[in-house]
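Chemist: Just dropping this structure here.
Here, each number is a calculation from the coordinates, and none is a lab measurement. Remember, predicted model here, so these are calculated numbers, not experimental data. Every residue, glycine among them, receives a Cβ derived from its backbone with ideal geometry; neighbour counts consider all protein chains shown.
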Amino acid sequence: MYIFIISMREKININDEYKQRLDKLQEIRKRGLSAYPAQTARNYRVADFLQDFSKLLKSQKKVVLAGRIFSLRLQGGSCFLHFADGSGRLQAFLRQDSIGAEEYEQFKNFIDQGDFVEFSGTAFTTKTDESTLLVSNFRLLTKALLPIPDEYYGLKDPDLRFRKRYLDLIVNPDRKTVFDLRSKIIKLTRNFFDERGYMDVDTPVLQVIATGATAKPFVTHHNALDMDLYLRVAPELYLKRLIIGGYDKVYEIARCFRNEGIDHQHNPEFTQLEAYEAYQDYRGYMELVEKYLESMVKGLFHKTNIKCGNDTLNFKTPYPRLDFKTELDKALKINIDQASDNDLAAIAMKANLPVDKSWGRGKLLDELYKKFVRSKIIQPTFIINHPIELSPLAKKIPDRPNYVERFQLVVKTAELCNAFSELNDPLDQAERFEEQKRLRAAGDDEAQGADDDFVEALKHGMPPTAGVGIGIDRLVMMLGDVENIKEVILFPTMRPKAST
């Protein structure tokens, strides 16, 4: 049961308020009136009314607006109110002697805060010089049976805001700013890749094998086929099938699902861009990512420096490129190639990392890198040349067979993107999948699935190819100066509240 604060002095129980509004709805229907008509005669948005206000005030042209009522101030035979549509907010003024005693009585008795109402009237200026609609008649469009939270107090509890995003957007319209930014980022992303000749494609969300990323998948069951399927952890292997099939450049803005913990940077359902280009390698894709981010920041803010928390991030290219082994060697003061798995585990335990017996060498190196290297990086920086154990889908560096042609872009201690020179040797790929099988059998439930069909596809030949994945949610967080991923996802995953 929720209790909303309606005014500074009053708290209203939702159940009582619902009953009162339900009684009003029944009375409206008894009078033969509609509380939910299908059509409206609206011919002006609030923003357009305010833009044309001077002309409308002079001409006294009658206009029709509509929106949700946010405040009501009844004063005997008159009422000031504020209402809003998706374009803005406006004051309206009703007088009993203008709309008639019967109409005014209906308004006073049946209309509540939160209702959607259509207003006909003319432009009017109050004594305080506020642009106002002088109402000549009104019509109820939607009877709200539950109130909205009071604007004075707002809706500040994060848990309630995330669970009831519609209320958050109603009473905290400034929250829309980050979602508007998200929409612009996705639009600029599509423009960037479309302009460079990439094809926008869709790949399966339901997959027979969970692979393409190191992550624990969600499992579901298809009744007609009587088989288990997985929600995709990444679209990678299907996009590379399209490169094999003859497309030179493809990308997808994909919804992905990983059965992992929830924190300020992780939501089980998230959005990422993946792009692949034939006849390209990871060096060329570092340049592509630099161009993408610099053009993105310029397109949004008309500059390359942006504020993010206490830091000012500079997205002007080029970005530093740091070798994974070199940086981890310096941080740990060892040569990681000469360290055994037990040596690495001992260092990790000494650093209070939650080492598990299922952790293989790749997992140990990755966790040590995150602890001692990535956590120190603020400005956009490429970490390049990762250990092969971390990268079952990337091509080996010719003169460093234990490392692969891979990069991650790290910004403000977070991984923003991940890219490879893609492995196109089918026999090498089959061996890497076998290693993933071994890790899974040893208890690593994040090890990638072995996709034999993809290996068969590779046997038909895939040209040299580079690919990149960019987390859209994290990009929005960074560019929107937001610390919690739930603030950039309209409907984040939440644990259900216990029934009361």
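Chemist: What does the extension gain come out to for residue 166 and residue 437, with contour length at 0.36 nm per residue minus their alpha carbon separation? Mind showing how you got there, number by number?
Modeler: On the way: separation 271, 0.36 × 271 = 97.56 nm, distance 4.43 nm.
Separation in residues times 0.36 nm, less the Cα-Cα distance, equals 93.1 nm.
Chemist: May I ask for log10 I(q)/I(0) of segment 238-301 at q = 0.26 Å⁻¹, from a Debye sum over the Cα atoms as equal point scatterers with solvent left out?
Modeler: -1.06
Chemist: Give me the percent relative contact order of the chain, please, defined on Cα pairs under 8 angstrom at least 6 residues apart. Intermediate results must be reported in sequence, preceding the final value.
Modeler: Details: 901 pairs, mean separation 63.0, N = 500.
Relative contact order here is 13 percent.
Chemist: To continue, here is another question. Test of understanding: extend the Cα→C-beta vector of residue 139 to 7 Å, then name every residue of segment 21-43 with backbone N under 19 Å from that spot.
Modeler: Those under the cut-off are 28-43.
Chemist: Something else about it: Treat the count of other C-beta atoms within 10 Å as a stand-in for reagent exposure and order 481, 180 from fewest to most. Please report the intermediate quantities before stating the final value.
Modeler: On the way: 481 14, 180 11.
Lowest to highest Cβ neighbour count: 180, 481.
Chemist: What value, in deg cm²/dmol to 500, does the helix sum -39500 (n - 2.57) over DSSP H runs of n ≥ 4 give at 222 nm once divided by the residues of the chain? Don't jump to the answer; show the numbers that get you there.
Modeler: Working: 16 runs with 169 residues, N = 500.
For the chain, the value works out to -10000 deg cm²/dmol.
Chemist: Place a label point 7 angstrom from the Cα of residue 91 along the Cα-to-Cβ direction, then list the residues of segment 118-133 whose backbone nitrogen is under 12 Å away.
Modeler: Within reach of a label on residue 91, which here means backbone N under 12 Å from a point 7 Å along Cα→Cβ, segment 118-133 contributes 124-133.
Chemist: What shape does segment 338-391 have by the C-alpha gyration tensor, where a ≥ b ≥ c are the square roots of the eigenvalues, rounded means a/c under 1.5, and otherwise prolate means a/b greater than b/c and oblate the rest?
Modeler: Numbers: a/c = 2.29, a/b = 1.46, b/c = 1.56.
Judged from the Cα gyration tensor, segment 338-391 comes out oblate (a/c at least 1.5, b/c at or above a/b).
Chemist: Could you put 462, 494 in order, starting from the residue whose Cβ has the fewest other Cβ atoms within 10 Å? List each step's numbers first, then the result.
Modeler: Details: 462 22, 494 12.
Fewest-to-most ranking of 462, 494: 494, 462.
Chemist: Something else now. What number comes out for the charge environment of residue 424, summing +1 per Lys or Arg and -1 per Asp or Glu over other residues with Cβ under 15 Å away? Don't skip to the end; give the middle numbers.
Modeler: Working: positive: 240, 241, 395, 396, 406, 432, 459; negative: 236, 248, 277, 281, 405, 422, 425, 428, 431, 451, 456.
Residues near residue 424 contribute -4 overall.
Chemist: Compute the Cα gyration tensor for segment 210-250, then decide on rounded, prolate or oblate, letting a ≥ b ≥ c be the square roots of its eigenvalues: rounded whenever a/c is under 1.5, prolate when a/b is larger than b/c in the other cases, and oblate in all that remain. Could the numbers behind the result be given before it?
Modeler: Values: a/c = 4.42, a/b = 1.78, b/c = 2.49.
Because a/c hits 1.5 or more and a/b fails to exceed b/c, segment 210-250 counts as oblate.
Chemist: Can you list the lysines whose alpha carbon sits under 16 Å from that of residue 459, skipping same-chain ones fewer than 8 residues off?
Modeler: Within the straight-line limit of under 16 Å, residue 459 reaches these lysines: 240, 395.
Chemist: Viscosity 1.002 mPa s, temperature 20 °C: Stokes-Einstein D of segment 3-153 from its Kirkwood Cα radius, in µm² per second?
Modeler: Values: Rh = 16.1 Å.
Here the translational diffusion coefficient equals 133 µm²/s.
Chemist: Further, regarding this structure: Evaluate the relative contact order of segment 3-153 (contact order divided by residue number), counting alpha-carbon pairs under 8 angstrom at least 6 apart; express in whole percent.
Modeler: Details: 273 pairs, mean separation 41.3, N = 151.
Reported relative contact order: 27 percent.
Chemist: Something else now. Please find the FRET efficiency linking residue 39 to residue 414, where r is the Cβ-Cβ separation and R0 is fixed at 56 Å, and quote it to the nearest 0.05.
Modeler: The calculated FRET efficiency here is 0.70.
Chemist: Set the Förster distance to 45 Å, then compute FRET efficiency between residue 126 and residue 176 from the Cβ-Cβ distance, nearest 0.05. Don't skip to the end; give the middle numbers.
Modeler: On the way: r = 28 Å, r/R0 = 0.62.
For R0 = 45 Å, the calculated efficiency reads 0.95.
Chemist: Would you please give the residues with an amide H less than 5 Å from that of residue 71, counting only those at least 5 places away or on a separate chain, with H modeled from the backbone geometry?
Modeler: Amide H neighbours of residue 71, under 5 Å, 5+ apart: 82.
Chemist: On a 30 Å Cα-Cα criterion, which of the cross-link pairs 55/303; 216/370; 316/363; 291/325; 156/291; 437/486 come out too long?
Modeler: Numbers: 55/303 37 Å; 216/370 19 Å; 316/363 33 Å; 291/325 26 Å; 156/291 38 Å; 437/486 34 Å.
In this structure, 55/303; 316/363; 156/291; 437/486 lie more than 30 Å apart at Cα.
Chemist: If all Cα-Cα distances of segment 135-232 are sorted into 5 Å bins from 0 onward, what percent lands in each bin, rounded to whole numbers?
Modeler: Spelled out per bin, shortest first, that is 2, 9, 10, 9, 9, 13, 14, 13, 10, 6, 2, 1, 1.
Chemist: Report the convex hull volume per residue for segment 277-387, counting only C-alpha atoms, in Å³. Display every interim value, and only then the final one.
Modeler: Details: hull volume 16.1 nm³, N = 111.
Spread over its residues, the Cα hull of segment 277-387 gives 145 Å³ apiece.
Chemist: Once R0 is set to 56 Å, what does the formula 1/(1 + (r/R0)^6) return for the Cβ-Cβ distance between residue 311 and residue 425, expressed as a FRET efficiency to the nearest 0.05? Can you show the working numbers first?
Modeler: Details: r = 41 Å, r/R0 = 0.74.
It comes to 0.85.
Chemist: For the residue pair residue 206 and residue 52, what label-to-label distance in nm results when each label sits 7 Å from Cα along the Cα-to-beta-carbon direction?
Modeler: 5.0
Chemist: Is segment 115-181 best put as rounded, prolate or oblate by its Cα gyration tensor, with a ≥ b ≥ c the root eigenvalues, rounded for a/c under 1.5, and otherwise prolate when a/b is larger than b/c, oblate when not? All intermediate terms of the calculation are to be shown ahead of the outcome.
Modeler: Working: a/c = 2.48, a/b = 1.75, b/c = 1.42.
Prolate, because a/c is 1.5 or more and a/b exceeds b/c.
Chemist: Considering all projection directions equally, how large on average is the shadow of the alpha-carbon convex hull of the chain, in square nanometres?
Modeler: With every direction weighted equally, the projected area is 31.1 nm².
Chemist: In nm, to one decimal, how far is the residue 279 label point from the residue 303 one, both placed 7 Å along Cα→Cβ?
Modeler: Each label point is offset 7 Å from its Cα along the Cβ direction, giving 4.1 nm.
Chemist: Between segment 458-492 and segment 300-349, how far is it from one alpha carbon centroid to the other, in angstrom?
Modeler: The two parts, judged by their Cα centres, are 19 Å apart.
Chemist: State the extension gain, in nm to one decimal, for the chain segment bounded by residue 105 and residue 156, taking 0.36 nm per residue of separation less the distance between their alpha-carbons. Kindly include the intermediate steps, with their values, before the conclusion.
Modeler: Working: separation 51, 0.36 × 51 = 18.36 nm, distance 3.53 nm.
Fully extending the segment from residue 105 to residue 156 adds 14.8 nm.
Chemist: Among 248, 129, 425, 473, which comes first, second and so on when ranked by fewest other beta-carbon atoms within 10 Å? Please list the in-between numbers first.
Modeler: Details: 248 16, 129 7, 425 13, 473 22.
By the 10 Å Cβ count, ascending: 129, 425, 248, 473.
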